[in-house]
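Visitor: Next up is a structure, given as structure tokens.
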């Protein structure tokens, strides 16, 4: 196996308490951390054209969901295109999850064995099977820059013994994921996915700075253990023993109290390897992100900005705004007077409220855009604050602003 | 009354048979004709941000619907903003219909009298009333560049006597529309709508070339008469006797045979005033547009590009494409190889099909965008063909391409 090729490069450029600013370089893009990664579940960020993500929002990495893409359009289709980048036309980095979380949360009928998990597709009811090996094979075809190990995700309210059994399974699956991943980096599917077998690039969008398509994919391990600190430590130890390019914290923001999440982060994040990026999966609100950054987390993803945009809920520097509120009908001020995004520069609360009330698709488009802009801008300010050693007071003032909601 | 201020300027710059190329200048934009006007029913073109309409698609005029905007957000709200332009942030021209067509097609409960029509709102069931005077007052508040008279729209299958009675009512309503319109151009609501009473412009989008916000609105008359040629002639005579800035043909594309539409256009369009723009309301397909242009029509609007985009139907130079077709799943070619729009330059049939099948909003966004680009581009080519005296063969080749559909 030839594993000498570069996968990702990771460098901490500044710290402020536990908070870290860094630069994550993949074969396709240079990503400043802490970073928020917009979610493109089915190969598209809901309501947002890639053109906006590239230009104004400047997202350097987005998510794709293995479970969804595996079921539709299917891996044969994506292989035919030469990977998810060529299929979707997104030229910067993708992180793909392993499918585990969706199998355990979206499907009712499933049969779990040591080998893997059998389940029924939510799309057509067909019987399907995922295992660590199959997940790695799918993610090799997708050609994402960051691959996640296939983990078992127990319910948030699973007891101690069930959680321990689950994380032991996850640890064994992590080792199997790693073994198959390493094999794949030198065999054909990975090669196809990374574009070796494809001819010239018809797509006019240039590869991003830092692009190195001869590099291999990277693989992240996942730490489970729910709210049990000793199990979290066990999971961390077993995961770091295997060794990964980065480490994720799974199984949080799944219905537990906020205090549990912060307690787990307080405990586990500082113990995670300092020389690898730390990724908190599926989290969260602006408050959650800043709290997690202060505990040393570098990467985040969440559907909140786009999902809330579709339901008429906007994040602003002065707190949440419910666009349905009748008091906005005649308001010609922007959604967020402190926001410089293309939505806030141009459209009024009154107009956005009208579009939402009238059921116009552009309401979802514009609110999702603003919400993503808000998250991206918050992370940019976070990085700047860490670099100048001002993160504590930045976080205090920002969270204070969020609570000071005169509009809601 | 001061009616000396400029409303619109209209100039034919080339003719080719009955087909005309011209320039229509309003106080807000310079519009090359024949023109297709995208429909922004509720103050937004469905799925398309204004930024795309202004930049890539270069729409110089769009439609707003009086009926919809009257019911929601309501005229008080739009007056508060200083008109539809300031409310929506669209700085180029608006054409607003009179509300007549929607009242007669969308509402079940209505009571028609000489004075006007009482109906129930489809939004909240409330009792509402529209008359020629009220329609003019609403459109003055909206501040559109082109105002339509309030007409009665009989069902397409109304008999001869009913159609005649209806067009006589429409003629009386046209005279009342004109009288109230003229009054309004010098009184406060029109002044508010045109921005006289508003301060500086906060919106960074510059007014378009030809903008002259001191100019008044313009008013178009509507010719009815269904498929009865003698009634069409009567309606034309009564409408031109009143005198308008432009003339529309109503009551076509409402379920009648195509041959009826072409027969009416053959008969009536060449008799319409040569020194005023001719507008065929609510039409239609690419074929319809080219047929109507060849008979001397200058202006069109239709929901087809965006509505079809939402249902997965695309217009291409090789005919219609149904994006759901399974044969496109692995097709990496663009929707239309002859199209230079941002969707065709970047996205493949396979990816667009996937987005549509997966129910992603971006499918509607991208297909609506391409369809609008196709219509705008077709009209641009139409204008060029007329200018160089090549319209007959252009039309033949273009329609031939549309019929030559290998993809469907």
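The values are calculated or read from the model by the stated rules, or taken from the named source; none is laboratory data. Every value quoted in this text rests on a predicted model; they were computed, and no experiment measured them. FYI the Cβ positions are ideal-geometry reconstructions off the backbone, even for glycines, and counts take in every protein chain you see.
Visitor: Select from the stretch B:138-169 the residues that are within 20 Å of the chain's Cα centre (by Cα) and in a helix (DSSP H, G or I) and list them in ascending order.
Guide: B:138, B:139, B:140, B:141, B:142 - these are the residues of the stretch B:138-169 that are within 20 Å of the chain's Cα centre (by Cα) and in a helix (DSSP H, G or I).
Visitor: Out of A:376, A:361, I need the residue that is more than 14 Å from every other protein chain (Cβ to nearest Cβ) and either modelled with pLDDT of 95 or more or surrounded by fewer than 21 Cβ atoms within 10 Å (Cβ to Cβ) (or both). Which one?
Guide: Matching residue, one of A:376, A:361: A:376.
Matching residues to (1) in contact with a strand residue (DSSP E or B) (Cβ under 7 Å, 6 or more places away or on another chain); (2) in a helix (DSSP H, G or I):
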position: A:78; (1), (2): no, yes
position: A:94; (1), (2): yes, no
position: A:103; (1), (2): yes, yes
position: A:108; (1), (2): no, no
position: A:125; (1), (2): no, no
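Visitor: Of the conditions (1) in contact with a strand residue (DSSP E or B) (Cβ under 7 Å, 6 or more places away or on another chain); (2) buried (at least 21 other Cβ atoms within 10 Å of the Cβ), residue B:382 clears all except one; give me its number.
Guide: (1)
Visitor: Can you confirm whether the stretch B:10-26 contains a residue that is within 14 Å of chain A (Cβ to nearest Cβ) and within 16 Å of the chain's Cα centre (by Cα)?
Guide: No, the stretch B:10-26 contains no residue that is within 14 Å of chain A (Cβ to nearest Cβ) and within 16 Å of the chain's Cα centre (by Cα).
Visitor: Identify all residues within the stretch A:260-283 that are surrounded by fewer than 23 Cβ atoms within 10 Å (Cβ to Cβ), in contact with a strand residue (DSSP E or B) (Cβ under 7 Å, 6 or more places away or on another chain) and within 26 Å of residue A:315 (Cα to Cα); write none if there are none.
Guide: A:282, A:283
Visitor: Kindly list the number of the only condition in (1) in contact with a strand residue (DSSP E or B) (Cβ under 7 Å, 6 or more places away or on another chain); (2) away from chain B (no Cβ under 11 Å); (3) within 20 Å of residue A:130 (Cβ to Cβ) that fails for residue A:70.
Guide: Result: residue A:70 fails condition (1) only.
Visitor: Can you tell me which of A:190, A:215, A:200 is in a loop (DSSP other than H, G, I, E, B), under 24 Å from the mean Cα position of the chain (by Cα) and modelled with pLDDT under 95?
Guide: Just one listed residue meets the conditions, A:215.
So that you can scan it fast, the table gives a plain yes or no per residue for (1) outside any helix (DSSP H, G or I); (2) touching a strand residue (DSSP E or B) at 6+ places or on another chain (Cβ under 7 Å); (3) modelled with pLDDT of 95 or more; (4) buried (at least 19 other Cβ atoms within 10 Å of the Cβ):
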| position | (1), (2), (3), (4) |
| --- | --- |
| A:293 | no, yes, yes, yes |
| A:307 | no, no, yes, no |
| A:315 | yes, no, yes, yes |
| A:321 | yes, yes, yes, yes |
| A:327 | no, no, yes, no |
| A:331 | yes, no, yes, no |
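Visitor: Checking residue B:373 against (1) within 24 Å of residue B:49 (Cα to Cα); (2) part of a loop (DSSP other than H, G, I, E, B); (3) in contact with a helix residue (DSSP H, G or I) (Cβ under 9 Å, 6 or more places away or on another chain), only one condition comes out false. Which one?
Guide: Every condition holds for residue B:373 apart from (2).
Visitor: Restricting to the stretch B:31-43, name every residue that is farther than 16 Å from residue B:279 by Cα and surrounded by 24 or more Cβ atoms within 10 Å (Cβ to Cβ).
Guide: Keep residues of the stretch B:31-43 that are farther than 16 Å from residue B:279 by Cα, which gives B:40-43.
Passing the criteria: B:40, B:43.
Visitor: When you scan the stretch B:108-117, do you find a residue that is within 30 Å of residue A:323 (Cα to Cα), surrounded by 19 or more Cβ atoms within 10 Å (Cβ to Cβ) and touching a helix residue (DSSP H, G or I) at 6+ places or on another chain (Cβ under 8 Å), even just one?
Guide: No; the residues of the stretch B:108-117 include none that is within 30 Å of residue A:323 (Cα to Cα), surrounded by 19 or more Cβ atoms within 10 Å (Cβ to Cβ) and touching a helix residue (DSSP H, G or I) at 6+ places or on another chain (Cβ under 8 Å).
Visitor: Considering (1) crowded, with 19+ Cβ neighbours inside 10 Å; (2) under 24 Å from residue B:82 (Cα atoms); (3) more than 10 Å from chain B (Cβ to nearest Cβ), say which one residue A:366 fails and leave the rest.
Guide: Going through the list (1) crowded, with 19+ Cβ neighbours inside 10 Å; (2) under 24 Å from residue B:82 (Cα atoms); (3) more than 10 Å from chain B (Cβ to nearest Cβ), residue A:366 breaks only (3).
Visitor: Just to be sure I understand, how many residues within the stretch A:44-69 are over 13 Å from the mean Cα position of the chain (by Cα) and buried (at least 24 other Cβ atoms within 10 Å of the Cβ)?
Guide: Residues that pass the stated criteria total 5.
Visitor: Output yes when any residue across the stretch B:233-240 is under 19 Å from the mean Cα position of the chain (by Cα) and at pLDDT 95 or above, and no when none is. Even if it seems obvious, please write down each step before you answer.
Guide: Kept after step one, since they are under 19 Å from the mean Cα position of the chain (by Cα), are these residues of the stretch B:233-240: none.
For the stretch B:233-240, residues under 19 Å from the mean Cα position of the chain (by Cα) and at pLDDT 95 or above: absent.
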